[in-house]
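The values are calculated or read from the model by the stated rules, or taken from the named source; none is laboratory data. Everything quoted here is computed from the prediction, not taken from an experiment. Glycine also receives a Cβ, built like all others from the backbone with ideal geometry; neighbour counts cover every protein chain displayed.
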Amino acid sequence: MQTPTSKRRKPNGWPSILSLTSVLFLLGLVGFSILGFQGLSERLVESSSIDVYFDESSSQDDIAEFQRSLERETWVKSTKFISREEGLRQMGEKFDTELMTYAESVNLPLSVEVYPKAEFAQPNILSAKVRELRRRAGVEDVLYQKVWVEQMAQNIKRIQLGLLVLAILMTLVSAGLIQSATRLGIYSNRFIIKSMQLVGATNAFIVRPFVWRFIQYALAAFPLAAGLLWGIIYGIPSLDPAGLLSGQAASLLADFNRHIVPWQAAAMLSAVGLFGILLAGLGSWISTRKYLKAKIENLY
């Protein structure tokens, strides 16, 4: 017959698992934010076009050949031909009726909108490309939103710097939280650690099971954190057919989804999981070694 003192409950690992899950979730959320913003910033800078206007002697065949030559260049993402009718329609969407009455009385030039790739959408690069385009035969004028591009480049750099600082802070905070979680888990076993040491167990023999236990906790926390991240980034928009989210929130989530490359997301999640596993193992090793070196009277 077992006495009440002889019954031992297995240590409950759920507090440690949930702590690790929350830390990995927050770290992954920062990672997804960085990936999503990178995609959004690329879309914004690539949406700024260089407008090339042609003189009256240029035919549509000449302009089509001009487009094909441009699309073969490495810095160009796409081009779009703008006819006189399309030009009038675009002006009608932007300007008032009086200006449109004047525009209809003149012969608008044919034009091509040139959209650069994100890595080339820098003010100094675009200025050089504009000078090159102006020297081409048949080109009457080349315009682009220089001030907007410069302001956008500056704002993107500021936000990227802010996200980098946030990522570094979250990494440091996550390291501290994981260390605290492992230290609390080891604290409840401090007397067992010291008892094993007193009966002659080696330090490696004592440390190994505790390190392995917390590595298992991190392995269990990783899919939970990944599932929560998937639910927020992908699951909520797909499970909102009634449009319960506000239009702005739904649009933001949709933009993040659209601009997060799957292999980058997988690599980021793998890095977060590896980070959690390594810190859980290291934290449990440090905490166990601490109680091995502690005196018995200091355990109380």
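Within 26 Å of residue 42 (Cβ to Cβ), touching a Phe, Trp or Tyr at 6+ places or on another chain (Cβ under 8 Å) and either at pLDDT 90 or above or not assigned by TED's automatic domain parsing to the domain that holds residue 34 (or both): is that true of residue 67 in this structure?
yes
Name every residue in the range 177-194 that is of a type in the set (Ser, Thr, Tyr) and in contact with a Ser or Thr (Cβ under 9 Å, 6 or more places away or on another chain), in order of residue number.
Of everything in the range 177-194, those that are of a type in the set (Ser, Thr, Tyr) and in contact with a Ser or Thr (Cβ under 9 Å, 6 or more places away or on another chain) turn out to be 180, 182, 187.
So, of the residues in the range 181-195 that are in contact with a Leu (Cβ under 9 Å, 6 or more places away or on another chain) and of a type outside the set (Gly, Ala, Ser), which turns out to be surrounded by the fewest Cβ atoms within 10 Å (Cβ to Cβ)?
Here the residue is 191.
For the range 268-289, which residues satisfy the criterion of being within 22 Å of the chain's Cα centre (by Cα) and surrounded by 13 or more Cβ atoms within 10 Å (Cβ to Cβ)?
268, 269, 271, 272, 273, 275, 276, 277
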